[in-house]
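The values are calculated or read from the model by the stated rules, or taken from the named source; none is laboratory data. In this text the structure is predicted, and so the values were computed from the model without any measurement. Neighbour counts are summed over all protein chains in view; Cβ atoms, including those assigned to glycine, are modelled from backbone coordinates with ideal geometry.
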Amino acid sequence: MNSVNRALRRDGAAEAETVKSVLTRQVRSPGDLCKKAVDPDNPSDESTSAARLAANSKAAAATGAAGLDRIALAAACVLPVLCCALLAVLFVRFQHMQEEIVRLNRQAVATNLRIYGLASQTVHLHDWMMEADRERRQTRPSPVSPLSLDPTEVELVRQFIKVVPTRSGSGEGLHVGDRISVTLSAPIPDKLVERVPKLKESRFSIGAGGGIVIIDGSSNRVVRVIDPP
């Protein structure tokens, strides 16, 4: 029994020594903690981390400033190039616009010339049409008013103008307004003109059927056809 008790006491003492040594290593005295907190040559882990964070922040700030400087320098170098390129593009566009304006002006001049030519042709055509119409009016015989004779005057004409055989074709198919050659007519007798003054300066011809054709002396156109009795 005594041997057992001694063995137990030895084991308990050994365990107590082990615990004590462990506690001694892990737990520092308040003096040592204060010394480490006060001594600048022996910084703690927290102060080291703070210093490292501050250093990293400064390095990041310096890196960011350097990056901004590089960006500003690149922009300063690229901006003049972009401006020159933009000016070149604008200059080319301006030249193209000038060429387009010149081309449009030429087209406008050509169009005006064509319009002027068409207008001149229209004027000439109008003048030609007016001249043709004037000539047509001049060549077209104007209406002739028939010579009015009463029965007594008609009988006098028959008495003074005796029907004689006519020349071939003389007075055939003649109507009021027809033109007849002067060689196919003869003057009205003066005694008949004295009796019928309206026959003055008139001529006469004999139709194929024996009718007396009275002709206006100024126009050589038939003004009256007196049928035979």
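Mind listing just one residue for me: the one in the range 199-220 that is in contact with a helix residue (DSSP H, G or I) (Cβ under 8 Å, 6 or more places away or on another chain) and not in a strand (DSSP E or B) and, of those, farthest from LEU174 (Cα to Cα)? The qualifying residue farthest from LEU174 (Cα to Cα) is LYS200.
When SER170, SER120 are checked against the criterion of being among the hydroxyl-bearing types (Ser, Thr, Tyr), modelled with pLDDT under 85 and assigned to a helix (DSSP H, G or I), a single residue qualifies: SER120. Across the range 199-215, the qualifying residues are those that are among the charged types (D, E, K, R) and at pLDDT below 90, and the one among them that is surrounded by the fewest Cβ atoms within 10 Å (Cβ to Cβ) is GLU201.
Is it the case that ILE226 is closer than 23 Å to PRO143 by Cα and modelled with pLDDT of 90 or more? Judged against the criteria, ILE226 is not a match. For beta carbons closer than 7 Å, sequence separation of 6+ or different chains, a first residue in the range 182-207 that is free of Cβ contacts under 8 Å to residues at least 12 places away in the same chain and a second that is of a type outside the set (Phe, Trp, Tyr) and not in a strand (DSSP E or B), the qualifying pairs are VAL193/LEU199; VAL193/LYS200.
Residues are listed down the side, and each one gets a yes or a no for (1) under 21 Å from the mean Cα position of the chain (by Cα); (2) at pLDDT below 85:
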| residue | (1), (2) |
| --- | --- |
| ILE101 | yes, no |
| LEU104 | yes, no |
| THR111 | yes, no |
| TYR116 | yes, yes |
| LEU125 | no, yes |
| MET129 | no, yes |
| ASP133 | no, yes |
| THR139 | no, yes |
| VAL144 | no, yes |
